[in-house]
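First the structure, in the form of structure tokens, and then the observations on it.
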Amino acid sequence: MLNLDLNKLAPHVTAEALQGMSEELSAAHAKLYDPTAPGSDFTGWVRLPENYDKEEFARIQKAAAKIRQDSDVLVVVGIGGSYLGARAALEVFPSDGPEICFVGCSLSPNEIQSVQKKVAGKNWSINVISKSGGTTEPAIAFRIFRDMLVAQYGQQANSRIYATTDKARGALKTIADRNGWESFVIPDNVGGRFSVLTAVGLLPIAVGGTDIEALMAGAADAMNRYDLRSMENPVWQYVAARNLLYRQGKTVEIYCNYEPSYTFVGEWLKQLFGESEGKDGKGIFPASAQFTTDLHSLGQYIQDGERILMETVLYVDDTGCDVTLPSSEDDGDNLNYLAGKPLSFVREMAFQGTLDAHHDGGVPAMVLRMPHMDARTLGELFYFFELSCGISGHVLGVNPFNQPGVEAYKKNMFALLGRP
Ligand code: PA5
């Protein structure tokens with residue numbers, strides 16, 4: 001179970017100030033169930049951990065088992081919400097089966113070429129993921145890899161392509177039906193960045209060997225626990241704290257972690273909050289940092305730069321392994337005072353020391369501690385932040401579920417490309 005620690009918020013946010021947000025929180029939370037609220041068409045994720053399609057879930061597990069059995073590599077094609085959740089989970093829990101490669105999340109020829117080299121001479125499959133079915137980056141990557149798959153397998157390629165897309169609309173749905181590819185549905189009422197617990201995330205995660213039932217069970221626990229309509233609810237506390245800080249000029253939230261494998265959880269969070277809140281001239285800018293690595297690059301700014309920062313620290317207590325520091329006869333590096341200590345102890349001290357230093361330097365912090373690194377906890381974490389984001393967007397007074405600003409670059413790019 002996640003544990004939210006708000007001890008490093010004073011003097012910026014007091015217990016009374018948090019309590020004072022309760023009416024706003026109550027109204028914002030209720031909007032997620034209000035069919036007249038902005039974005040109400042895209043709140044299918046709120047009850048998803050209990051409402052998900054069980055028949056499709058079984059098909060996902062079956063498809064994952066087949067891919068694990070007949071493929072050395074799975075090429076996952078997608079971008080944004082059709083990419084980051086699965087990538088985040090697969091960085092935390094690396095595949096114990098096929099190698100999983102991501103393409104279509106950039107326009108880099110190098111990236112394409114490196115994955116082309118990985119599949120050469122191997123058995124492989126493709127999971128193409130796009131809700132709209134027409135996003136440029138994944139469409140281009142899919143064209144390239146589908147071409148390679150057909151060159152290798154001929155007609156049999158069709159049994160190695162898995163399409164995750166809209167149930168009825170879009171170019172991808174049309175070609176999937178035409179070619180008989182196994183298809184999975186991104187529900188109409190679940191937007192890309194809230195879709196990690198649909199087939200979008202579940203199929204690649206299951207291919208990697210992670211228990212997706214446990215992932216969904218963790219999310220379902222979170223759904224029930226965080227539905228509490230009071231300031232006892234850690235989601236309410238987190239949302240209240242970050243909005244109070246924002247109103248005081250803390251306009252940047254850094255999602256920090258102490259595990260390199262959580263870097264992509266930070267990327268997922270950046271999309272979730274950035275696309276949901278950054279609109280109408282408002283929004284907390286989401287950033288991410290990986291400690292202690294970035295203490296040697298961003299640390300100076302965080303400690304001493306513009307005082308516009310708040311931190312949300314994701315800290316895993318038990319990462320499932322540890323290393324003991326050996327003693328050395330000559331103690332040339334002066335580290336014998338740590339001999340016999342586990343590395344996790346050093347990390348914990350670095351975490352505590354950093355938290356205090358940043359707090360003393362005027363950077364308030366919220367700490368989300370995770371007892372373990374397991375699928376259930378990750379499911380809880382995903383849901384915790386999705387719910388926080390939905391409620392927080394309404395507190396901010398924006399529609400958290402649209403993304404009108406994403407279109408601007410596409411319009412220019414298509415004009416320059418001469419798209420008919
Ligand atoms: O959250 C979102 O809606 C976006 O980030 C999309 O997921 C992203 O643009 C990819 O879109 P699509 O799944 O339609 O290819």
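The values are calculated or read from the model by the stated rules, or taken from the named source; none is laboratory data. Only a predicted model underlies this, so the values are computations on that prediction, with no experimental measurement involved. Because the Cβ atoms are built from the backbone with ideal geometry, glycine has one as well, and the counts that use them run over all protein chains shown. The accessibility values were calculated without ligands, DNA or RNA, using every heavy atom of the protein model including side chains. Shrake-Rupley method; radii C 1.70, N 1.55, O 1.52, S 1.80 Å.
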Subset of region 302-321 (residues that are touching a His at 6+ places or on another chain (Cβ under 9 Å) and loosely packed, with under 11 Cβ neighbours inside 10 Å): G320
Positions within region 233-283 being more than 22 Å from G192 (Cβ to Cβ) and β-branched (V, I, T), in sequence order: T251, V252, I254
Conditions (1) more than 16 Å from the ligand (Cβ to nearest atom); (2) in the same structural domain as I112 (by TED's automatic domain parsing); (3) among the small types (G, A, S); number of the one not met by A220: (2)
Selection status of Y258, away from the ligand (no atom under 16 Å from the Cβ), among the hydroxyl-bearing types (S, T, Y) and closer than 17 Å to Y383 by Cα: no
Candidate set from region 174-191 (those that are open to solvent by 30 Å² or more (accessible area, probe 1.4 Å) and not in a loop (DSSP other than H, G, I, E, B)); member that is nearest to the ligand (Cβ to nearest atom): V185
Only listed residue being more than 16 Å from the ligand (Cβ to nearest atom), of a type outside the set (G, A, S) and under 18 Å from the mean Cα position of the chain (by Cα), chosen from Y238, Y226: Y238
Search result, residues across region 90-115 that are hydrophobic (A, V, I, L, M, F, W, C), more than 16 Å from the ligand (Cβ to nearest atom) and in contact (Cβ under 8 Å) with a residue 40 or more places away in the chain: L90, V92, F93, I100, V115
Residue within region 322-343 that is closer than 30 Å to G218 by Cα, open to solvent by 30 Å² or more (accessible area, probe 1.4 Å) and touching a Ser or Thr at 6+ places or on another chain (Cβ under 7 Å) present: yes
Qualifying residue in region 125-142 (condition: within 20 Å of F57 (Cα to Cα) and open to solvent by 50 Å² or more (accessible area, probe 1.4 Å)): no
Residue in region 292-301 that is under 25 Å from L197 (Cα atoms), open to solvent by 30 Å² or more (accessible area, probe 1.4 Å) and either at pLDDT 95 or above or away from the ligand (no atom under 16 Å from the Cβ) (or both) present: no
Among (1) part of a helix (DSSP H, G or I); (2) at positive phi, the one test that N334 misses: (1)
All positions within region 371-399 that are over 16 Å from the mean Cα position of the chain (by Cα) and touching a residue at least 60 places away in the same chain (Cβ under 8 Å): P371, I391, S392, G393, H394, V395, L396, G397, V398, N399
Pairs where the first residue, in region 116-134, is modelled with pLDDT of 95 or more and the second is hydroxyl-bearing (S, T, Y), C-beta under 6 Å, 6+ apart: N123/S71; W124/S71; S125/S71; N127/Y162; I129/S82; I129/T164; S130/S82; S130/T165
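Every residue, every condition in (1) touching a helix residue (DSSP H, G or I) at 6+ places or on another chain (Cβ under 7 Å); (2) open to solvent by 40 Å² or more (accessible area, probe 1.4 Å); (3) among the polar types (S, T, N, Q), yes or no:
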residue	(1), (2), (3)
R229	yes, yes, no
E232	no, yes, no
Q237	yes, yes, yes
Y258	yes, no, no
Y262	yes, no, no
Some residue of region 18-33 being open to solvent by 20 Å² or more (accessible area, probe 1.4 Å) and within 22 Å of the chain's Cα centre (by Cα): no
Output for region 143-173, where each listed residue is of a type in the set (V, I, T), open to solvent by less than 10 Å² (accessible area, probe 1.4 Å) and either in contact with a Pro (Cβ under 7 Å, 6 or more places away or on another chain) or more than 14 Å from the ligand (Cβ to nearest atom) (or both): I161
